[in-house]
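The values are calculated or read from the model by the stated rules, or taken from the named source; none is laboratory data. Keep in mind the model is a prediction, meaning the values are calculated, not measured. Note that each Cβ is placed from the backbone with ideal geometry, even for glycine, and that neighbours are counted across all protein chains shown.
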Amino acid sequence: MAGESTGAAAGRGDRNRAILHGVSLSPFVRKVRAVLHLKSIDYDLVNVMPGGMDSEFLEKSPLSKIPVWQEGGWTPPDSSAICAYLERVKHAPALYPSDPREFAQALFWEKYADTRLNESGGGLAAFIETMDENEVLHALVEEDRAAMASV
């Protein structure tokens, strides 16, 4: 099962452990967290609030956007780029179709969810809520509750 820790303790432990920079309320951070959960990838969540970004974070995200994935000194921003990377490094379970046409269609719907659907207030949560009887969304909410209880 994917592990996640938050706050100041995140990043002080295993220096090889990946870090997701962002805030759980962001639909783009939640998209990456859903992929991390489904692929059982361990990571630390470091809370970064939009508008409250320090110069160190802005070096990782020149467009001042969240999320940013960090593995050592490598820090790709953008939720879609991060999810595509995670799909390549951990193939199972596959989250994108293997058929090239179906893959292209999936990328379209991902882009649609990131832009038009998100602008209308639906965002990725509208899709995640239908998955496995809310299993992913429920797991993320429980992780958030546990993190808030430890603060």
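Take the conditions modelled with pLDDT under 90, surrounded by 12 or more Cβ atoms within 10 Å (Cβ to Cβ) and under 14 Å from residue 39 (Cβ atoms) and apply them to residue 141. Does it pass? Taking the combined requirement at face value, the residue does not satisfy it. Inspect the stretch 60-81 for any residue being on the phi < 0 side of the Ramachandran plot, part of a helix (DSSP H, G or I) and touching a helix residue (DSSP H, G or I) at 6+ places or on another chain (Cβ under 7 Å) and give the result as yes or no. So far as the stretch 60-81 goes, yes, one or more of its residues are on the phi < 0 side of the Ramachandran plot, part of a helix (DSSP H, G or I) and touching a helix residue (DSSP H, G or I) at 6+ places or on another chain (Cβ under 7 Å). Which of (1) within 9 Å of the chain's Cα centre (by Cα); (2) modelled with pLDDT of 90 or more is the odd one out, the single condition residue 76 does not satisfy? The single condition residue 76 does not satisfy is (1).
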